[in-house]
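J.: First the structure, then my questions, so here it is.
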Amino acid sequence: MDHEKFMRGHEKRMARIDARMQRIAELAKEAKAKQLARDEWYRALRIRQGRSPEPRIPEISPRER
């Protein structure tokens, strides 16, 4: 197999990998945006219910430590 043929195949493989990585990055951005929207919705719900906007972090009892 000559080098040019190998490089053409290599470039095609790398282009596929790059496209896949871009798709993963797009999905990660969408997931992050959904998470932020969900957090904002819960914060608004907690305010409507008259509670603290930040979720309470449960205390760890001495027995559980």
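The values are calculated or read from the model by the stated rules, or taken from the named source; none is laboratory data. The model shown is predicted, which means the values in this text are computed figures rather than measured ones. As a convention, Cβ positions derive from the backbone with ideal geometry for all residues, glycine included, and neighbour counts pool all protein chains shown.
J.: Determine the pairs where a residue that is modelled with pLDDT under 95, located within the stretch 4-25, has a partner that is in a helix (DSSP H, G or I) with Cβ atoms under 8 Å apart, the partner being 6 or more residues away or on another chain.
T.: Final answer for the pair search is none.
J.: Can you name every residue in the stretch 9-51 that is in a loop (DSSP other than H, G, I, E, B), on the phi < 0 side of the Ramachandran plot and exposed (fewer than 10 other Cβ atoms within 10 Å of the Cβ)?
T.: Residue satisfying the conditions is Gln49 alone.
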